[in-house]
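The values are calculated or read from the model by the stated rules, or taken from the named source; none is laboratory data. Here the structure is a predicted model, which means the values were calculated and not measured. As a convention, Cβ positions derive from the backbone with ideal geometry for all residues, glycine included, and neighbour counts pool all protein chains shown.
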Amino acid sequence: MKILVTGAAGFIGSHVSEALMNSGHTVFGLDNFDPFYAPAIKERNAKLLCQYPDFELIREDIRNENKLNELFHSQSFDLVIHLAAKAGVRPSIQEAIDYMDVNVIGLTKLLEASVRSGVKRFIFASSSSIYGNQTKMPFSESDDVSFPISPYSASKRSGELLCHVYHHLYHLEVACLRLFTVYGPRQRPDLAIYKFTELALKGKPIELYGEGNSLRDYTYVSDIAEGILAISQHPVLSYEIFNLGNGNPIRLSDMIRSLQNSLHCNIEIQYGEKQAGDVNQTHADIAKAKSYFGFQANVSLDQGVERFVQWYKENQE
């Protein structure tokens with residue numbers, strides 16, 4: 001298949017692109033190298049991808065409607081995997097308009113270009129954050145998600161609704177994937193495991209918001225990439241939503257212990273107030289994804305943290 005992957009030079013996008021090419025697909029990777037974090041990190045990821053003969057890098061923004069239309073009409077994509085987004089709960093509170101512009105308007109332009117050029121299948125990366133602070137565990141795709149608690153989560157729920165509109169109007173086959181706390185090599189430097197590792201190795205304290213009792217369904221990036229590969233090869237849906245997570249929530253304090261064991265050092269902790277927009281717990285019910293396309297998370301937290309630490313130490317520069 002010829003596949004367009006947006007956000008291809010990012011953390012998850014680079015892993016997904018590699019998994020697709022290793023399975024024989026041709027990937028066009030679109031990325032605008034947004035300076036949310038150091039562009040050199042994405043440049044390194046892009047350099048890895050460009051070593052593949054079946055990869056083409058496109059430096060462009062999903063909001064550039066004219067460029068999108070040119071790209072879609074010059075290629076006949078079999079599938080679009082949309083991973084590009086303004087990410088992060090906390091920064092979305094300060095930059096709500098930008099988040100809606102990229103995550104909602106940008107998605108709309110991508111959906112328009114897809115249906116105009118005859119694309120039949122579309123995969124949209126949503127987020128576990130849309131479940132908000134509901135207390136029912138585990139989170140199921142059938143749960144009420146009417147109450148997001150951050151602009152980021154609201155933008156992702158809006159994206160799911162937009163995808164349904166384009167399925168209804170144009171019969172676009174859509175899978176919306178609610179991703180749960182993805183971590184691993186090439187992780188964004190603003191995410192917890194990366195930040196904690198960096199601070200610990202410098203002998204600096206880490207800051208925990210609240211009491212360190214929050215629960216997260218940490219999911220290793222290769223499990224996510226394999227899940228996206230599986231759904232991309234699955235013979236068709238209509239419009240479906242799937243949780244992709246580990247299915248085993250871990251307390252934040254236990255994640256820190258795992259990290260401490262892998263780093264072989266003590267981690268000093270300072271406590272701060274709980275941050276607005278943060279959810280208390282996440283726990284993925286992955287029964288639906290397992291039933292539809294055999295999804296299974298195979299990497300435990302201890303294994304994944306060990307692999308991340310090894311990667312980090314090899315790439316500190």
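Couple of notes before you dig in:
- Evaluated against (1) in contact (Cβ under 8 Å) with a residue 40 or more places away in the chain; (2) more than 22 Å from Ile224 (Cβ to Cβ); (3) of a type outside the set (Phe, Trp, Tyr); (4) in contact with a Phe, Trp or Tyr (Cβ under 9 Å, 6 or more places away or on another chain), Ser92 falls short on exactly one condition, (2).
- Residue that is nearest to Ala85 (Cα to Cα) [pool: residues in segment 15-68 that are touching a strand residue (DSSP E or B) at 6+ places or on another chain (Cβ under 7 Å), among the hydrophobic types (A, V, I, L, M, F, W, C) and part of a loop (DSSP other than H, G, I, E, B)]: Ile62
- Residue within segment 172-180 that is among the aromatic types (Phe, Trp, Tyr) and under 14 Å from Gly88 (Cα atoms) present: yes
- Condition met for Ala96 (of a type in the set (Gly, Ala, Ser) and touching a strand residue (DSSP E or B) at 6+ places or on another chain (Cβ under 6 Å)): no
- Inter-residue pairs, beta-carbon under 6 Å, first closer than 18 Å to Asn103 by Cα and part of a helix (DSSP H, G or I) and in segment 130-150, second charged (D, E, K, R) and at pLDDT 95 or above, 6+ apart: Ile130/Lys156; Ile130/Arg157
- For segment 133-142, the count of residues that are of a type in the set (Gly, Ala, Ser), surrounded by fewer than 17 Cβ atoms within 10 Å (Cβ to Cβ) and more than 20 Å from the chain's Cα centre (by Cα) is at least one.
- Candidate set: segment 14-73, residues that are at pLDDT 95 or above and hydroxyl-bearing (Ser, Thr, Tyr); chosen: the one farthest from Pro91 (Cα to Cα): Ser23
- Residue check, Ile12 among the hydrophobic types (A, V, I, L, M, F, W, C) and not in a helix (DSSP H, G or I): no
- Cβ-Cβ contacts under 8 Å between residues 6 or more apart (or on different chains), taken from a first residue in segment 1-30 that is in contact (Cβ under 8 Å) with a residue 24 or more places away in the chain and closer than 16 Å to Lys47 by Cβ to a second residue that is crowded, with 24+ Cβ neighbours inside 10 Å and among the acidic types (Asp, Glu), are listed as Ala8/Asp31; Ala9/Asp31; Gly10/Asp31; Gly13/Asp31.
- Scanning segment 44-59 for residues that are exposed (fewer than 13 other Cβ atoms within 10 Å of the Cβ) and not polar (S, T, N, Q) turns up Lys47, Pro53, Arg59.
- Any hit, segment 291-309, residues being touching a residue at least 40 places away in the same chain (Cβ under 8 Å), closer than 24 Å to Met137 by Cβ, charged (D, E, K, R) and touching a Gly at 6+ places or on another chain (Cβ under 6 Å): no
- Check on Ser258, among the small types (Gly, Ala, Ser), farther than 17 Å from Ala125 by Cα and surrounded by fewer than 20 Cβ atoms within 10 Å (Cβ to Cβ): no
- Candidate set: segment 76-101, residues that are of a type in the set (Val, Ile, Thr) and more than 22 Å from Val279 (Cα to Cα); chosen: the one surrounded by the most Cβ atoms within 10 Å (Cβ to Cβ): Ile81
- Taking segment 212-315 as the region of interest, the helices (runs of 4 or more DSSP H) fully inside it that hold 2 or more residues being over 24 Å from Val80 (Cβ atoms) are 252-263, 287-293, 301-314.
- Considering (1) of a type outside the set (A, V, I, L, M); (2) modelled with pLDDT of 95 or more; (3) buried (at least 23 other Cβ atoms within 10 Å of the Cβ); (4) part of a helix (DSSP H, G or I), the lone condition that Arg178 does not fulfil carries the number (4).
- Unmet requirement for Ala87, which otherwise passes all of (1) in contact (Cβ under 8 Å) with a residue 40 or more places away in the chain; (2) outside any loop (DSSP other than H, G, I, E, B); (3) over 19 Å from Phe122 (Cβ atoms): (2)
- Looking across segment 18-43, just one residue is surrounded by fewer than 16 Cβ atoms within 10 Å (Cβ to Cβ) and of a type in the set (D, E, K, R), and that is Glu43.
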